[in-house]
Amino acid sequence: MKKLLAIVILFTFASCIPVKIAPRFKNQDYKIMLAKKFQKDMSRETSFIFKDSKEADEFYNYINKKYQLNHIDVGYNVPFQLEKQTLYLSYHEAERTDEKVNLPLVLVDAKRESNGNSRLFEGNYGTRTGHWYIILTVFDENINNCLRDKHPLKNKTIEYLKELKQEYLTTQNYEELLLTKKS
């Protein structure tokens, strides 16, 4: 009985230890930063990054319908007009995870194993939760990144991407995009 009480107290006062934490954007629902700092295998380009709460391939379907691409080069240099200039939008999806180790379970199993007993919690030592993000980059016709500080269209590009993100997250049926008025 004393061992059971000790285990209950141990679980009460000990919690999971975070090993990896997915980014959380403070005070905003997006972040403008170098993609390489966000995900190591990305390019060193300034990007507009936001959390994707929808299912896999939803952003692909959204971009395909919105810009009427017919599944050709969706995600790579998609042309659009802003301030009477042609800009090119590219996107990537990236997964970042939250990982936690449950130390009390590891300790209990280690103690049981040292006493010659079998493990009880094997396979339950950690938890992992995935979060998906969309990474957008926009270039002008001269292959200049429009999200850089010195670009003349930086603020307009950010506003366009914020509206794009909002439209994506609120639209359920992408066929509706074909019926809305283009601005």
Q.
Compute the orientation-averaged projected area for segment 50-146 from the convex hull of its Cα atoms and round it to one decimal in nm².
A. 9.6 nm²
Q.
Taking 22 Å as R0, compute the FRET efficiency from the Cβ-Cβ separation of Ser118 and Lys3 and round it to 0.05.
A. 0.85
Q) Given the Cα-Cα distance of Glu159 and Lys111 and 0.36 nm per residue of separation, how much length would full extension add, in nm? A) 11.6 nm
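Quick note: the coordinates plus some simple rules give every number you see, no bench work behind them. Predicted model only: the values in this text are computed from it and were never measured. Please note: Cβ atoms are built from the backbone with ideal geometry, for glycine as well, and neighbour counts cover all protein chains shown.
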